[in-house]
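Working notes, structure below.
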Amino acid sequence: MRKWGLTLTVAILLLLTPLPAMARAGGSTGGNAGGGTSNGGTTSTYNNNDYDNGGYYGGGYYHRTNIFDVIIFAGFGLLFIVPGVRQIRQRRQKQHLAPQNTMPLSAEQRSEFEPFFYKVETAWTKNDLNTLSTLMGSRYFAKQRRILKKYQQQHKTDQLEGLVIIDLAQEITTTPAKLNVVVTAQARDYFQYDNQSAAYNQNSHDKTYIERFTEVWEMTRNANHQLVLNRIRQ
């Protein structure tokens, strides 16, 4: 029983262990000031009186749980839980691996993507939700909106000093409608606070280094044939 309990605990931890959360709209951690992505969620509750008011739970019926029933149920559950958790974890890790199948980005694609990249990142540093809503797919924008709203509540903006693209490539996909661009860039990424002193913000800047990062921008096109960002894969 102790072994089963340990296995179940490990399985749950594997599923719940968070992957790295980034501050920028697809990049580094916003300097030492912290920050990250929050996917939100909902919490449901029920009325405990349901146990007393009849219906499915009701009638005052009391069932004493047998410990052997619990062990048998847990044993069968683990047969399905552990493989499922492993598959989910592997799939989540695979999503964050560097792309293996790439090709050079054409000059035409490069000339279109570069200004798009800078426009997205500039809007991000200004908490410019109006601009981002026109550049991102609705689902991805909803996630980024929650992050920036939280930043606004915390009186901070994510700054990208000296942002420059180093290299571009295209990740080969099986869907012609998708354009996945592998971006290697660098910047000094740090937070600035509108409710802190100039000295505090200067310190936040000075203790952050210029860092290089690589990520995959997954895009499609809207009805006007303009690029739309659906996801950034670090």
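For the reader, a short list of remarks on this structure follows.
- Neighbour-count order for His155, His205, fewest beta carbons within 10 angstrom listed first: His155, His205
- For region 102-233, a crude dipole built from +1 on the beta carbon of Lys and Arg and -1 on the beta carbon of Asp and Glu, taken about the Cα centre, is about 620 debye to the nearest 20.
- Local electrostatic count, Asp167, Cβ distance below 14 Å [Lys/Arg +1, Asp/Glu -1]: -1
- Local electrostatic count at His205 - Lys and Arg +1, Asp and Glu -1, tallied over other residues with Cβ under 12 Å: -1
- The slack in the chain from His225 to His205, taken as 0.36 nm per residue of separation less the alpha-carbon distance, amounts to 3.3 nm.
- Over region 92-234, relative contact order from alpha-carbon pairs under 8 Å, at least 6 apart, %: 24
- Protection proxy ranking of 210-218, 170-178 - average other beta-carbon atoms within 10 Å, highest first: 210-218, 170-178
- Multiplying the residue separation of Arg212 and Asn101 by 0.36 nm and subtracting their alpha-carbon distance yields 37.8 nm.
- Each of Ser133, Ser111 was scored by other Cβ atoms within 10 Å of its Cβ. Arranged with the fewest first, they read Ser111, Ser133.
The numbers here are math on the coordinates, done by the rules we state, and not lab data. All values derive from a computational prediction rather than experimental measurement. Here the Cβ is made from the backbone with ideal geometry for all residues, glycine too, and neighbour counts use every protein chain on show.
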